[in-house]
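Written out below as structure tokens is the structure these notes cover.
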Amino acid sequence: MIHGREQVIFEYSRPGRGAFGQWPGGEGDVGDIPEALRRRSRPLLPEVSELEAVRHFTRLSQLNFSIDTHFYPLGSCTMKYNPKACNQYAMLPEFLGRHPLAPESQGQGFLACMFELQEMLKEVTGMRGISLTPMAGAQGEFAGVAMIRAYHRARGDLARNEIIVPEAAHGTNPATATMCGCVVREIPVDAEGDVDLEALEAVVGPNTAGIMLTNPSTLGVFERKIEAVARIVHGAGGLLYYDGANLNAILGKVRPGDMGFDVIHMNLHKTFSTPHGGGGPGAGAVGVGERLLPFLPIPIVGRDAGREAAVYRWLTERDLPQSIGRLSAFMGNAGVLLRAYVYMRMLGRDGMSRVGEYATLNANYVLARLRELGYEIAYPSRRASHEFIVTLRREARELDISAMDVAKRLLDYGFHAPTTYFPLLVPECLLIEPTETESKQTLDRFVAAMAAILEEARQQPDMVKSAPHTMPVRRLDDVRAAKQLDLTWKGTA
Amino acid sequence: MPFIPHTPEDVAEMLATIGAKSIDELFEEIPASLRVRGLPGIPEALSEMEIGRLMSDRARQDGRPLCFLGAGAYEHHIPSAVWALTTRGEFYSAYTPYQAEASQGTLQLIYEYQTMIASLTGMQVSNASLYDGGSAVAEAALMAARAHRRSKSMRVLVPRSVHPFYRKAAVATAGNQGMRFEELGYERETGKVDRAALAAFAGEDVTALVIQQPNFFGTLEDVDDLTDWAHAHGALVIAVVNPTSLALLKPPGEWGTQGADIVVGDGQPLGVPLSSGGPYFGFMTTRMEYVRSMPGRIVGRTVDAGGKEGFTLTLQAREQHIRRGKATSNICTNQGLLMTAATIYLSLMGPTGLARVASVSHQRTQELVSALTRIKGVRAAFSAPRFHEAVVQFDRPVAPVLRELEQQGVLGGLDLADHYPELGPALLVCATETKTSADIERYAALLGETLRRAQAA
């Protein structure tokens, strides 16, 4: 990591400079475009040499934490290693050069990968059909809830517009329900982190469209009453939605389809190791049970068994007239899907189950070590899934040290902060998810850092409260950022 | 064990610390009846060497035909530096920049991107990307309904000449919230929005008018007049644009007397490979007054505790992780890595290079249209000026002709039979700066031959 300020790229800019070797030779004739439709002002784009651009963006990259450089115990985000092979083989020139509207005959290799990916995802989730088109988890959620609505409508069951969401849910769950034109009904969880069945019984009824659940939940524990939840919601005529954010915890151990879920989205950029890219692209494939098959978003890859070899083709509205439709211009994040395909083939049958096993082992190990240090575990009576919650309410009360302070101080020790202040119902919380790709030695170093920070909090609390001290910047003034909006560069003042 | 570093000794020590006898014991809280024993449908693991062979074989099977398809995805030259930098682990494997102090690189890059895309579109503010052009149109319609407080109709006018897949994505995404999209026809002679169809909405409550420039046919719309009409009739203007074209064409911020209100499009032409349709990224820019109605992440420049300049996510009160059910959108993960590639691409191209890409692409398309329309039985469909894409009509069905070309390794364009049956046999074609005169001659010669054979038969 570097520490100096890197100039904004426009500060390198000089009129007449450029990466000339990248430009087409000469200018094209545009005499036929009417003057009134043409641009008169030059856009503010940098005029820099190729070397200046390469250095600038390399330096910017060096101001980041990343999986390749740092451990991210980031709960609910599954920041595991992104194997280089996935990137390499998704970026073969033929795959990169394939136009989305190229004929199926010029895509049998690509389509075969997509078809097999659909089949593998069916197997690991226990669902009956898969659509790969959603471009992120939130869009997969949208597709899921839209399918639930379409299902009820197709049955003439028009009153069902309520989506039940536990209070610990990801923010995308209620936001998605709203985007689908539904009303959100939040229900509490009990002291041990399971859904409050009485509250659920009280809220279900003829208006229930469905329930959105993460299992293991965002509290880091398995929802033990899942079969009862399924019975109650199905009994009331609603459907069950599985938020796949925590699928990594149970991969190869238990399947959402077997738990009674009717629809699921998967975050391929979590469970199946495609890169987070500093905020995307993700991929939010959806899976459905029997009842929702006709409503899957298009396109889907189908296979026609031919006499000689199978022929892969796109399934569209013609094949699925009740589909909720098209969520992207083409087929979603195809390149991300190729990466997930390579990853799943490299894990194979046995490797798939090991994901859930070692993710759970790592989480329970860190939990045990932090408990020994005196950190308070939010759900001490429960077995951790692939993640768990530490609450710093005592440190906040006694030492005036917040979860944010500990998170920021961890950066100084070379660890990305865990997820903080989520879920919202646990005060001063850190949600910690180590993932299966971290070694015991890395986990031990993390625990050592947590021990050192606890000691600092007692001996020299200012050190923790004013952290980080070794990052390119110290804590940023977010209030000023929101009040004095500076969203584009306007020249050196 | 692929990607799992644990030695047997590690596992034994860890289980001892936990106080469990086996890893299996850690799953004791899952009801036994739900546990799966094995996944027979998953194939055995492949080594990197084996998967490499498989993927290379499959890629080779797909080949590298000479491609004259456009329709929202354009083959442009991508400098080597773009993806060499974008796939650096520090960009590629970083998380969303919530921890600002450990993410200054990504945050500053987004700020630079916002500056470039806002200037290119002639608007004041940009977000940090949406999924793609199609979903961006849906988000723009929903944003217009929030931003335009006087309009209650949730009614958006969308010309039939807007990308058909964008229209479908908009309906699928925004239709659930009561958004209504109403179609406007186009003039058969020019390919431009039918003004008579538009005039029929005068006096009605319309939330927004969508204007795509160039439209799906490549035809240039009278954007000034359309924008002024919309504003005179109380509607906002959603511009859908090709970012490469903006090096040459009037930016939406300067359309008509007031400029467009929301600008969206697909950023794919800016350094993003075709890759079967994604990942691409959607861009969105707007006026400062609507910034709080905008979905997606936004980066601002501020100072740290020591007064040093730094960058952070801002205006997060609009977003799902804070506002939950009342957020502007459910969007969370967006297309950060593609936005990264585009920022590097724009830095290497600069204003001059991008204008050259645009003008040379346009000239190539003009050459292509001239070459194709010299063939007997082929004519240009529309009379209005265009940018770097065009519709040509045949005297016989397009599909069999395209299949013949395909056999020769040429993708001749998009058959419009499904989307625009009213045009008869029609083909949407595009040539960018990547096509040489020889490529264009090859295509024209093959098409001429194919059509001659068909006409003789």
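The values are calculated or read from the model by the stated rules, or taken from the named source; none is laboratory data. Keep in mind that what you see is a predicted model, and the values were worked out from it rather than measured. Note that we place each Cβ from the backbone using ideal geometry, even for glycine, and neighbour counts take in every protein chain shown.
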(message) For region A:343-353, which positions are in contact with a helix residue (DSSP H, G or I) (Cβ under 8 Å, 6 or more places away or on another chain) and within 7 Å of chain B (Cβ to nearest Cβ)?
(response) A:R345, A:M346, A:L347, A:M352
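Can you find, within region A:157-172, the residue that is farthest from A:G302 (Cα to Cα) among those that are part of a loop (DSSP other than H, G, I, E, B) and more than 23 Å from the chain's Cα centre (by Cα)?
It comes out as A:A159.
Could you grab me the full set of residues in region B:252-264 that are at negative phi and either in contact with a strand residue (DSSP E or B) (Cβ under 8 Å, 6 or more places away or on another chain) or more than 9 Å from chain A (Cβ to nearest Cβ) (or both)?
Of everything in region B:252-264, those that are at negative phi and either in contact with a strand residue (DSSP E or B) (Cβ under 8 Å, 6 or more places away or on another chain) or more than 9 Å from chain A (Cβ to nearest Cβ) (or both) turn out to be B:P252, B:G253, B:W255, B:T257, B:Q258, B:A260, B:D261, B:I262, B:V263, B:V264.
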(request) List every residue pair whose Cβ atoms lie under 9 Å apart, where the two residues are 6 or more positions apart in sequence or sit on different chains, the first residue falls within region A:222-234 and is at the interface with another protein chain (Cβ under 10 Å from one of its Cβ atoms) and closer than 16 Å to A:G193 by Cα, and the second residue, located anywhere, is in a helix (DSSP H, G or I) and β-branched (V, I, T). (result) A:F222/A:I250; A:E223/A:V229
(request) Tell me which of these B:S22 doesn't satisfy, since it passes every other one: (1) under 21 Å from A:L367 (Cβ atoms); (2) in a helix (DSSP H, G or I). (result) (2)
(message) Looking only at residues that are more than 7 Å from chain A (Cβ to nearest Cβ) and out of contact with any helix residue (DSSP H, G or I) (no Cβ under 8 Å at 6 or more places or on another chain) in region B:56-83, which one is farthest from B:Q213 (Cα to Cα)?
(response) B:S80
(message) Please count how many residues of region B:405-457 are part of a helix (DSSP H, G or I), free of Cβ contacts under 8 Å to residues at least 60 places away in the same chain and within 12 Å of chain A (Cβ to nearest Cβ).
(response) 2
(message) Quick check on A:E47: is it of a type in the set (D, E, K, R) and more than 7 Å from chain B (Cβ to nearest Cβ)?
(response) no
(request) Quick one: count up the residues across region B:304-361 that are within 7 Å of chain A (Cβ to nearest Cβ) and of a type in the set (D, E). (result) 2
(request) Check region A:460-470 and report whether any residue there is more than 24 Å from A:H3 (Cβ to Cβ), surrounded by fewer than 16 Cβ atoms within 10 Å (Cβ to Cβ) and at pLDDT 95 or above. (result) yes
(request) Pull up region B:103-133, narrow it to residues that are out of contact with any strand residue (DSSP E or B) (no Cβ under 7 Å at 6 or more places or on another chain) and within 7 Å of chain A (Cβ to nearest Cβ), then point me to the one that is farthest from A:R42 (Cα to Cα). (result) B:L109
(message) Take the residues in region B:318-360 that are at pLDDT below 85 and of a type in the set (G, A, S); name whichever of them is surrounded by the fewest Cβ atoms within 10 Å (Cβ to Cβ).
(response) B:G325
(message) Looking only at residues that are basic (K, R) and within 22 Å of A:M179 (Cβ to Cβ) in region B:148-176, which one is farthest from the other protein chains (Cβ to nearest Cβ)?
(response) B:R149
(message) Is it the case, given these coordinates, that B:T373 is touching a strand residue (DSSP E or B) at 6+ places or on another chain (Cβ under 8 Å), polar (S, T, N, Q) and more than 9 Å from every other protein chain (Cβ to nearest Cβ)?
(response) yes
(request) For A:L430, work out the one condition from (1) out of contact with any Phe, Trp or Tyr (no Cβ under 9 Å at 6 or more places or on another chain); (2) more than 9 Å from chain B (Cβ to nearest Cβ); (3) hydrophobic (A, V, I, L, M, F, W, C); (4) outside any helix (DSSP H, G or I) it doesn't fulfil. (result) (1)
(message) I need every pair where a residue in region A:238-251 that is farther than 17 Å from A:H386 by Cα has its Cβ under 7 Å from the Cβ of a residue that is of a type outside the set (A, V, I, L, M) and part of a strand (DSSP E or B), sequence separation at least 6 or different chains.
(response) A:G238/A:T208; A:G238/A:G210; A:L239/A:G210; A:L240/A:G210; A:Y241/A:G210
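Take B:A170 and decide whether it is touching a strand residue (DSSP E or B) at 6+ places or on another chain (Cβ under 8 Å) and part of a helix (DSSP H, G or I).
So B:A170 fits the description; yes.
Here are some residues: A:V263, A:V311, A:V286, A:V254. Which one is at the interface with another protein chain (Cβ under 8 Å from one of its Cβ atoms) and either touching a residue at least 24 places away in the same chain (Cβ under 8 Å) or among the aliphatic types (A, V, I, L, M) (or both)?
Selected residue: A:V254, the only one of A:V263, A:V311, A:V286, A:V254 that is at the interface with another protein chain (Cβ under 8 Å from one of its Cβ atoms) and either touching a residue at least 24 places away in the same chain (Cβ under 8 Å) or among the aliphatic types (A, V, I, L, M) (or both).
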(request) Please find, within region A:210-266, the residue that is surrounded by the fewest Cβ atoms within 10 Å (Cβ to Cβ) out of those that are of a type in the set (G, A, S) and assigned to a helix (DSSP H, G or I). (result) A:G235
(message) With the requirement that a residue be under 15 Å from A:G210 (Cα atoms) and at the interface with chain B (Cβ under 7 Å from one of its Cβ atoms), what does region A:157-174 give you?
(response) A:P174
(request) Might you check whether a residue that is touching a residue at least 40 places away in the same chain (Cβ under 8 Å), touching a strand residue (DSSP E or B) at 6+ places or on another chain (Cβ under 9 Å) and surrounded by fewer than 24 Cβ atoms within 10 Å (Cβ to Cβ) occurs anywhere in region A:3-12? (result) yes
(request) Among the numbered conditions (1) of a type in the set (A, V, I, L, M, F, W, C); (2) in contact (Cβ under 8 Å) with a residue 40 or more places away in the chain; (3) facing another protein chain (nearest Cβ under 7 Å), tell me where B:L39 comes up short. (result) (2)
(request) Report, by residue number, each residue of region A:378-425 that is in a loop (DSSP other than H, G, I, E, B) and among the hydrophobic types (A, V, I, L, M, F, W, C). (result) A:A378, A:A384, A:L392, A:I401, A:A417, A:F422, A:L424, A:L425
(request) From the list B:V210, B:V193, pick out the single residue that is closer than 30 Å to B:G271 by Cβ, of a type in the set (A, V, I, L, M) and in contact (Cβ under 8 Å) with a residue 24 or more places away in the chain. (result) B:V210
(message) With the requirement that a residue be within 7 Å of chain B (Cβ to nearest Cβ), within 16 Å of the chain's Cα centre (by Cα) and over 19 Å from B:G70 (Cα atoms), what does region A:324-341 give you?
(response) A:V336
(request) Mind listing whichever residues of region A:471-493 are surrounded by fewer than 18 Cβ atoms within 10 Å (Cβ to Cβ), facing chain B (nearest Cβ under 7 Å) and either assigned to a helix (DSSP H, G or I) or touching a residue at least 40 places away in the same chain (Cβ under 8 Å) (or both)? (result) A:D478, A:R480, A:A482
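Report yes if A:R371 is outside any loop (DSSP other than H, G, I, E, B), farther than 21 Å from A:F446 by Cβ, more than 9 Å from chain B (Cβ to nearest Cβ) and not β-branched (V, I, T), otherwise no. Write out each step before concluding.
Working: outside any loop (DSSP other than H, G, I, E, B): yes; farther than 21 Å from A:F446 by Cβ: no; more than 9 Å from chain B (Cβ to nearest Cβ): yes; not β-branched (V, I, T): yes.
Considered against the rule, which asks whether it is outside any loop (DSSP other than H, G, I, E, B), farther than 21 Å from A:F446 by Cβ, more than 9 Å from chain B (Cβ to nearest Cβ) and not β-branched (V, I, T), A:R371 comes out as no.
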